Amino acid sequence: QVQLVDSGGGLVQAGGSLRLSCAASGSIVSIDALGWYRQAPGKQRELVATLNDGGRSNYADSVKGRFTISRDNAKNTGYLQMNNLRPEDTAVYYCNAMLRTTGTIAYSSAWGQGTQVTVSS
């Protein structure tokens, strides 16, 4: 069984920084794409950033130049460094991983439980 644990959220003033972590555990053989999504109250979940195992990253226009996604494959952990935070970044942030587990061939999607980020003005 695979588990993703999101952490690192909190309350920060506008202009501040936070670093989110996503730790994957279980019978993991490999992780392909890693992504961060967020969902604000009353809104749909939206893509924030993705990073594939080849190192290619993709960002939502609203976070380009402020957020950086990274991963440590040896630790099966992903990160989202968020700088110059704005009140509109307030949301629950979820990590997602496409991963393959022991005894399987296909990749499957797994989600973290989410971590709250609140940015005050």
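The values are calculated or read from the model by the stated rules, or taken from the named source; none is laboratory data. Predicted model, so just to flag it, every value in this text is computed and none were measured. Cβ atoms come from the backbone with ideal geometry, glycine included; neighbour counts cover every protein chain shown. Each accessible area value is taken on the protein alone, full model and side chains, heavy atoms only, with ligands, DNA and RNA left out. Shrake-Rupley method; radii C 1.70, N 1.55, O 1.52, S 1.80 Å.
I'm trying to understand the selection: among the residues of the range 82-108, which are surrounded by 15 or more Cβ atoms within 10 Å (Cβ to Cβ) and polar (S, T, N, Q)? Scanning the range 82-108 gives 90, 96, 101. Within the range 83-103, can you find the residues that are farther than 28 Å from residue 1 by Cα and either within 11 Å of the chain's Cα centre (by Cα) or among the basic types (Lys, Arg) (or both)? Listed by number, the list holds a single entry, 86. Residue check, residue 39 against (1) under 11 Å from the mean Cα position of the chain (by Cα); (2) open to solvent by 50 Å² or more (accessible area, probe 1.4 Å), all met but one. Which one? The one condition residue 39 does not meet is (1). Filtering the range 1-36 to residues that are open to solvent by less than 60 Å² (accessible area, probe 1.4 Å) and free of Cβ contacts under 8 Å to residues at least 60 places away in the same chain leaves 21, 23, 25.
When you look at residue 115, is it open to solvent by less than 20 Å² (accessible area, probe 1.4 Å), of a type outside the set (A, V, I, L, M, F, W, C) and under 19 Å from residue 5 (Cβ atoms), yes or no?
The answer is yes for residue 115.
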